[in-house]
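The structure appears right after this line, and notes come after that.
The values are calculated or read from the model by the stated rules, or taken from the named source; none is laboratory data. Predicted, not measured: the structure shown is a model, and the values here were computed from it. As a convention, Cβ positions derive from the backbone with ideal geometry for all residues, glycine included, and neighbour counts pool all protein chains shown.
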Amino acid sequence: MEPKMMISRKSKFFARMLPGLIVFLMLMACAEVPITNRQSLSLLPESQLATMSLQEYDKVLKDSKLSSNQQQVEMVRRVGNKIAKSAEAFLAEAGMQSEIKNLKWEFNLIEDDKLANAWVMPGGKAAVYTGILKYTRDETGLAVVLGHEVAHAIARHGNERMSQGLLAQMGGVALSVALSQNSAATQNLFMQAYGAGATVGLLLPYSRLHESEADRIGLTLMARAGYDPREAVPFWQRMNEQGGRRPPEFLSTHPAPESRVANIKKYIPEAMPYYRK
């Protein structure tokens, strides 16, 4: 048999097998999102993501100026650790104790008054930028932000975005290579999943879904940590009102302001019992 014919047959074989392989991977890699109980795609081990996030986190801290305002730094770490403790307690009660071992929480305040943003990477590595403090105003407002961002972490939203990106860009055949070799493509997708930017097309709709889920889960986390979840409404209203024509980075891929506030009001009764306790 001629080599060209063999290659052609192999290509056709992989083309036939690829859809089934992708479906198989999706079925085998489903994870349940806390509170919402949605089945999400998680192809990458959380331990691998935690290692990658530690490397990137160290780079961010090295290239950034950490705040010297001790009062604000202590507030960020105090609120962050309360939310983190709340998240671990929630995971334990939900029978997800195995998730806790990969969480090594760290909260840092980066001095950048022009950047209204915050994020939490896999493994619990978190950053808050001083530019968002004018919107949070106090500890409860900050709890809204950190509850939301910690919710992204425990819901594995970054893992899901990366998994979708790997399937979309590489397909099932190259997926195992990307995961095993920690390729440049995997690293780029990591930055897309956890960075300030957002991709268009396949990933963006999921981003909006993730934001809504993080709002809902975050309300429960902040309530369990002792913060009034009803304060989430005025916080998001402040963010939307002061954002002007160009919204803060924290709102760049988020749902429309009106629907977001409406959904938060709908989810508050779910979180209130934890706050009253």
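Within segment 207-227, can you find the residues that are polar (S, T, N, Q) and buried (at least 24 other Cβ atoms within 10 Å of the Cβ)? Correct list: THR220 only.
In segment 44-53, the count of residues that are outside any helix (DSSP H, G or I) and modelled with pLDDT of 70 or more is one or more. In segment 109-151, of all residues being of a type in the set (Asp, Glu) and part of a helix (DSSP H, G or I), the one that is surrounded by the fewest Cβ atoms within 10 Å (Cβ to Cβ) corresponds to GLU139. LEU202 meets all of the listed conditions (1) under 23 Å from ARG161 (Cα atoms); (2) modelled with pLDDT of 55 or more but one, namely (2). The C-beta contact set for segment 138-150 (first residue at pLDDT below 95, second residue among the aromatic types (Phe, Trp, Tyr), distance under 8 angstrom, 6+ apart or interchain) comprises GLU149/TRP119. Number of residues in segment 80-108 that are in a helix (DSSP H, G or I) and under 16 Å from HIS152 (Cβ atoms): the value is 10.
Filtered by the rule that a residue be modelled with pLDDT under 95, outside any helix (DSSP H, G or I), under 21 Å from the mean Cα position of the chain (by Cα) and under 25 Å from VAL76 (Cα atoms), segment 225-277 gives PRO247, PRO248, SER252, THR253, HIS254.
Got at least one residue in segment 187-194 being at pLDDT below 90, part of a helix (DSSP H, G or I), surrounded by fewer than 24 Cβ atoms within 10 Å (Cβ to Cβ) and more than 13 Å from the chain's Cα centre (by Cα)? Taking every residue of segment 187-194 in turn, at least one turns out to be at pLDDT below 90, part of a helix (DSSP H, G or I), surrounded by fewer than 24 Cβ atoms within 10 Å (Cβ to Cβ) and more than 13 Å from the chain's Cα centre (by Cα). Hey, does segment 152-163 have a residue that's farther than 20 Å from MET272 by Cβ, free of Cβ contacts under 8 Å to residues at least 60 places away in the same chain, charged (D, E, K, R) and crowded, with 23+ Cβ neighbours inside 10 Å? Scanning segment 152-163, I find at least one residue that is farther than 20 Å from MET272 by Cβ, free of Cβ contacts under 8 Å to residues at least 60 places away in the same chain, charged (D, E, K, R) and crowded, with 23+ Cβ neighbours inside 10 Å, so the answer is yes. Confirm whether SER86 is touching a residue at least 24 places away in the same chain (Cβ under 8 Å), crowded, with 20+ Cβ neighbours inside 10 Å and among the hydroxyl-bearing types (Ser, Thr, Tyr). Taking the combined requirement at face value, the residue satisfies it. Residue-level analysis places GLU99 among those that are in contact (Cβ under 8 Å) with a residue 40 or more places away in the chain and surrounded by fewer than 21 Cβ atoms within 10 Å (Cβ to Cβ). Looking for something of a type outside the set (Val, Ile, Thr), in contact with a Ser or Thr (Cβ under 8 Å, 6 or more places away or on another chain) and over 17 Å from LEU66 (Cβ atoms) - is there at least one such residue anywhere in segment 116-134? Checking segment 116-134: at least one residue is of a type outside the set (Val, Ile, Thr), in contact with a Ser or Thr (Cβ under 8 Å, 6 or more places away or on another chain) and over 17 Å from LEU66 (Cβ atoms).
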